[in-house]
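Trainee: I have a structure here, written as structure tokens, and I will follow up with some questions on it.
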Amino acid sequence: MPKHLVIVESPAKARTIGRYLGDDFVVESSVGHIRDIPTKVGEVSEAKKDAWKASRFGVDIENGFTPMYIVTPNSKKQVSALRREMKDADSLYLATDEDREGEAIAWHLLEVLKPKVPVYRMVFHEITANAIREAVEHPREIDQQVVAAQEARRVLDRLFGYEVSPVLWRKVQPGLSAGRVQSPATRIIVERERERLAFVAAEYAGVAGTFTPVGNGTEFEAKLVTIDGDRVATGKDFDQSGIPRKNRLVLAPGAAVTLADELTGVPFTVVAVERKPYTRRPYAPFRTATLQQEAGRKLRFGARRTMSAAQRLYESGFISYMRTDSTNLSGTALSAARSLVAGRFGERYLPDSPRFYGKKAKGAQEAHEAIRPAGERFQDPKAVAGSFGARSDEARLYDLIWKRTVASQMKDAKGESLQLRLGGSAETSGRLCEFSATGRTILFAGFLKAYVEDIDDPDAARDDQERHLPELDEGQALDAVTMGSTVHETKPPARYTEASLVKRLEELGIGRPSTYASIISTIQDRGYVRKHGSALVPTLKAFAVVGLLEEHFGDYVDYDFTALMEEDLDRIARGDEEMAPYLERFYSGSAGHAGLKDLVSDGALESIDPRAVNSFHVGDGADGVPIVARCGQYGPYLVRGDDRASIPEDLSIDELTVERATELLEAPSGDRTIGEDPETGLTVFAKAGRFGPYVQLGERGADSKVKPKTASLFKTMSLETVTLDEALRLLTQPRTVGAHPEDGEPIVAQNGRYGPYVKWGKETRSLDDEDQIFTIDLDGAVTLLSQPKKRRGRTAAAPLKELGNDPNTLKPIVVKNGRFGPYVTDGETNASLRVADSVDAITLDRAVDLLAERRAKGPAPKRKKKK
């Protein structure tokens, strides 16, 4: 029997596909990418080291910008396994995803495995029996143009990141990174924060009343809209500077109170009644971007969490491919959806013909299909709940996709809107005041019976919301039952959420469906953005980096330029552009446009003033001395003359007022002088450090390379109360307990990163408490060292914070302190807090996102033991 080897990316996908193929097929996975450009010379084999040295960060810019590839360390074992399977194979089917990344993985597999048997490229939009059979019967070849586009993207990202990031290290802060797409995305968030900082709030007042027809007890509310024909200003009538538009009457709070009193008990009449029919068309089936947006609004999922759940649904055969910018549905899907509409909702909800939706995404590629339930008959949401759990991310996301797809093939919703205008004259002033009330009635629910989209604007009404008003005629008399004034303040533009940022990225053409989730994760992981609730808040680091890039690398954070690069990559994928000439123009420049190489030259960088780039002017203090916020190696800090103070990580830029900055600068530092060491004459200090309170002997001289001796305070001590004797005793560490009787080597006791312990050569054993550092004797130490190394009756430390239950596992999520800092855990999965996260500010939703991301990455690779 011939043997056909099928290779996909993931084990889960391999298991599902394996169910639909015969015994003559063997399905294996590559476990993601198998090759990449090396990051350092240590990853390169001896045979390729000369080529690495001649290249620019692993790219041979002298020979067509050809990248150097290596099999990644984590993939070597799997590649060896695939090579063994290839020995017995009669043919090879490369069944990786159908997007650019999947095409590139297929090509890399071909390059590494070098098969001597027929090779077929197998593509499908969903993992069902029919789709897999169709893909096997109608394979194609690898699309080299799509591979070239993905390779060009990888080279662009490598050159930009590796050329620009060192500029940030030198001019802003070590360890920062720039990215071709992540930097413009960060700029979007920074620009919104700048708008918020420049925003000037304006106060305005209004009048609202409760009315009822004379002789009829039906009450309804209406708001004042005009006074003597002049339109009363509302929040949307003010600009960013708090200035109202022309021809608007701004009502002061006092005037509103007076007017409300004058209108109390005044007779009103219906001035106008306006009825209008309206129609709402169904929402298009989900694209990647709209799925991420709606899952963010309805389910409170982050972009990464949404895509992780969607990936598992796809690989399990429940939905079609989840990385797409198309709203098309196949004929099979249309039939399945229409059949469900007729069966579940009735023929009256089924339109005469299938509904089709045009492309709306910038740069959309219509070859793909929308995200929908898989198969000729859509599986009921209960089936997914049975596979993953009723409250699992997968079940909740599938329910969303199922409803949206079905609703897209239902009839329009129809209704009627009603606007009433009411008139009356103020009792004392005689001013003619007009009120307005708006109602809406749904006459036929149509698609709203299945699905209603959520909205970003908290003040806007959902499509299924009704507001009923009484039936009134023009000239009908009304009583004003109540009348009161309202005072409002204009609000700054809302910060971006993950959902609204995805929407903005798509509008601008920055990135592609497959990259939105990674863009948002990257800018958070790098510490440029932190989450406050669902809002994305830029850090001071983001302001500094974006400011530098705007001034000296303007094109590379320009939205149109970034979108144009995406379009250029699309041109390469279509065969309308060659990779090498394009990369040459990008790196070396063209007529009238400087290339990246020139912008990062030493001469071009001399004009960048690190202090200016890295300073955010907070304002002037009471003494007239300017207060400036800066990024430092150990975090953001304030400067006022010679004064310095750290800025709390969870304090956003808009909260950093002059008053708050002054409070931080004048707060006690916690450092104090304890006394003098009688042996050395050096001053002993108690200080608050990055890793906790400690004592220090003497100070480091300006030219000295020797650090002063330090020792951490015991947990029972505090900076305010530690005495000189206690400090001098701490500074005697490590304490020599005595010589071990076996070899005469010293046994020492001291405090370490993980608590107190004794050490003899390479052998260490933990002590029960810190006081034992000074009380344990030689016999006790020898006895302890003779025991097997184990955790000696320690109880787990109490969590730093309890957040609530994980909706997926139903287990409690807590924040704990670990070896590498704070992390969240549900008892099975651990996820470290990001740079911009803090223990105090982290929420349950953020913790669930972090855990979902960690689960999606799979188990951490085991570390090899050092020989």
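The values are calculated or read from the model by the stated rules, or taken from the named source; none is laboratory data. For clarity, every value in this text was computed on a predicted model and none was experimentally measured. Glycine gets a Cβ as well: all are built from the backbone with ideal geometry, and neighbour counts include every protein chain shown. Each accessible area value is taken on the protein alone, full model and side chains, heavy atoms only, with ligands, DNA and RNA left out. Shrake-Rupley method; radii C 1.70, N 1.55, O 1.52, S 1.80 Å.
Trainee: Tell me the label-point distance for the pair residue 622, residue 76, using the 7 Å Cα-to-Cβ offset, in nm and rounded to one decimal.
Mentor: 6.5
Trainee: On the full set of protein chains, 1.4 Å probe, figure out the accessible area of residue 50 and give it in Å² to the nearest 10.
Mentor: Here the accessible area works out near 120 Å².
Trainee: Using per-residue counts of other Cβ atoms within 10 Å, averaged over each peptide, order 392-401, 825-834, 104-113 from highest down.
Mentor: Working: 392-401: 23.2, 825-834: 17.1, 104-113: 21.0.
With the highest mean Cβ count within 10 Å placed first, the list reads 392-401, 104-113, 825-834.
Trainee: Could you state the accessible area per residue of the chain in Å², with a 1.4 Å probe and every protein chain left in place? Could the numbers behind the result be given before it?
Mentor: Numbers: 42830 Å² over 867 residues.
Roughly 49 Å² per residue, with all protein chains present.
Trainee: Here's a follow-up. Among 683, 333, 758, flag the residue with its Cα farthest along the positive direction of the charge dipole of the chain, charges on Cβ as +1 for Lys/Arg and -1 for Asp/Glu.
Mentor: Value: 758.
Trainee: Where a ≥ b ≥ c are the square roots of the eigenvalues of the C-alpha gyration tensor, would you call the chain rounded, which needs a/c under 1.5, or, failing that, prolate if a/b is larger than b/c, or oblate? Could you put the intermediate results ahead of the total?
Mentor: Numbers: a/c = 1.81, a/b = 1.19, b/c = 1.52.
Taking the square roots of the gyration eigenvalues as a ≥ b ≥ c, the chain is oblate.
Trainee: Quick one: with all protein chains in place, what share of the accessible area of the chain is carbon or sulfur, to the nearest percent (1.4 Å probe)?
Mentor: Numbers: 20740 of 42830 Å².
Roughly 48 percent of what the probe reaches on the chain is carbon or sulfur.
Trainee: Moving on to the next point. Using alpha-carbon pairs under 8 Å, 6+ residues apart, how would you state the relative contact order of the stretch 521-608 in percent?
Mentor: Result for the stretch 521-608 is 14 percent.
Trainee: Now for a different question. Points 7 angstrom from Cα along the Cβ direction at residue 218 and residue 840: gap in nanometres?
Mentor: Going by the 7 Å Cα→Cβ label model, 5.4 nm.
Trainee: In whole Hz, what ³J(HN,Hα) sequence does the stretch 16-26 give by Karplus (6.51, -1.76, 1.60; θ = phi - 60°), x for Gly and Pro?
Mentor: 5, 5, x, 5, 9, 10, x, 5, 7, 10, 10
Trainee: With a 1.4 Å probe and all protein chains kept in place, how do 199, 211 rank by accessible area, largest first? Write down the numbers at each step before the final one.
Mentor: Values: 199 35, 211 0 Å².
I get 199, 211, largest accessible area first.
Trainee: Compute the FRET efficiency between residue 578 and residue 504 as 1/(1 + (r/R0)^6), taking r as their Cβ-Cβ distance and R0 = 30 Å, and round to the nearest 0.05. List each step's numbers first, then the result.
Mentor: Numbers: r = 32 Å, r/R0 = 1.06.
The computed FRET efficiency comes out at 0.40.
Trainee: At 10 °C and 1.306 mPa s, grab the translational diffusion coefficient of the stretch 247-289 from Stokes-Einstein with a Kirkwood Rh over Cα pairs, rounded to a whole number in µm² per second.
Mentor: On the way: Rh = 16.1 Å.
Rounded, D is 99 µm²/s.
Trainee: How would the stretch 118-260 be classified by its alpha-carbon gyration tensor: rounded, prolate or oblate, with rounded meaning a/c under 1.5 and the a/b versus b/c comparison settling the rest?
Mentor: Values: a/c = 5.09, a/b = 1.84, b/c = 2.77.
It is oblate, given that a/c is not under 1.5 and a/b is not larger than b/c.
Trainee: Starting from the Cα-Cα distance between residue 602 and residue 643, subtract it from 0.36 nm times their residue separation and give me the gain in nm to one decimal.
Mentor: Details: separation 41, 0.36 × 41 = 14.76 nm, distance 3.34 nm.
Here the segment from residue 602 to residue 643 would lengthen by 11.4 nm.
Trainee: While we're looking at this one, here's another question. DSSP beta bridges in the chain, what fraction antiparallel, as a percent rounded to 5? Working shown, then result.
Mentor: On the way: 118 of 132 bridges.
Bridges in the chain are about 90 percent antiparallel.
Trainee: Still on this structure, I have one more. From the gyration tensor of the Cα coordinates in the stretch 193-287, what semi-axes in whole Å does the equivalent ellipsoid have, largest first, with each one equal to sqrt(5λ)?
Mentor: Values: eigenvalues 182, 140, 30 Å².
Over the Cα atoms of the stretch 193-287, the ellipsoid semi-axes are 30, 27, 12 Å.
Trainee: Which order do 62, 9, 193 take by accessible area at a 1.4 Å probe, largest first? Intermediate results must be reported in sequence, preceding the final value.
Mentor: Details: 62 140, 9 25, 193 0 Å².
Largest accessible area first, the residues go 62, 9, 193.
Trainee: May I pose another question? Tell me the mean residue ellipticity at 222 nm calculated for the chain from its helices only (DSSP H runs of n ≥ 4, each -39500 (n - 2.57), averaged over every residue, nearest 500). Walk me through the numbers before you get to the answer.
Mentor: Details: 26 runs with 281 residues, N = 867.
The per-residue figure over the chain is -10000 deg cm²/dmol.
Trainee: If you put +1 on each Lys and Arg Cβ and -1 on each Asp and Glu Cβ, how big is the dipole of the stretch 431-488 around its Cα centre, in Debye rounded to 20? Don't jump to the answer; show the numbers that get you there.
Mentor: Numbers: 5 positive and 13 negative charges, 26 e Å.
The dipole magnitude comes to about 120 debye.
Trainee: Describe numerically, in nm with one decimal, the distance between label points set 7 Å from Cα along Cα→Cβ at residue 464 and at residue 735.
Mentor: According to this spin-label approximation, the distance is 6.9 nm.
Trainee: May I pose another question? Select from the stretch 591-666 those chymotrypsin sites (Phe, Trp or Tyr not before Pro) which occupy a DSSP coil region and have at most 12 other Cβ atoms within 10 Å, ordered by residue number. It would help to have the intermediate numbers written out before the result.
Mentor: Values: sites: 616, 634, 637; in loops: 634.
Sparse-neighbourhood loop chymotrypsin sites (Phe, Trp or Tyr not before Pro): 634.
Trainee: I would also like to ask the following. So for 194, 348, what's the accessible-area order with a 1.4 Å probe, most first?
Mentor: 348, 194
Trainee: Apply 1/(1 + (r/R0)^6) to the Cβ-Cβ distance of residue 715 and residue 169, taking R0 = 30 Å, and write down the FRET efficiency to the nearest 0.05. It would help to have the intermediate numbers written out before the result.
Mentor: Details: r = 37 Å, r/R0 = 1.22.
The value I calculate is 0.25.
Trainee: How high is the FRET efficiency from residue 63 to residue 39, r the C-beta distance, R0 25 Å, rounded to 0.05? Please report the intermediate quantities before stating the final value.
Mentor: Values: r = 21 Å, r/R0 = 0.83.
Efficiency at R0 = 25 Å is approximately 0.75.
Trainee: So how much slack lies between residue 455 and residue 249, counting 0.36 nm per residue of separation and subtracting their Cα-Cα distance, in nm?
Mentor: Working: separation 206, 0.36 × 206 = 74.16 nm, distance 3.02 nm.
Length gained, residue 455 through residue 249: 71.1 nm.
Trainee: Taking Cα centroids, how far is the stretch 21-84 from the stretch 248-315 in Å?
Mentor: One Cα centre to the other: 51 Å.
Trainee: Can I ask one more? From Cα pairs below 8 angstrom and at least 6 apart in sequence, can you work out the relative contact order of the chain, rounded to a whole percent? Kindly include the intermediate steps, with their values, before the conclusion.
Mentor: Numbers: 1576 pairs, mean separation 99.7, N = 867.
Relative contact order here is 12 percent.
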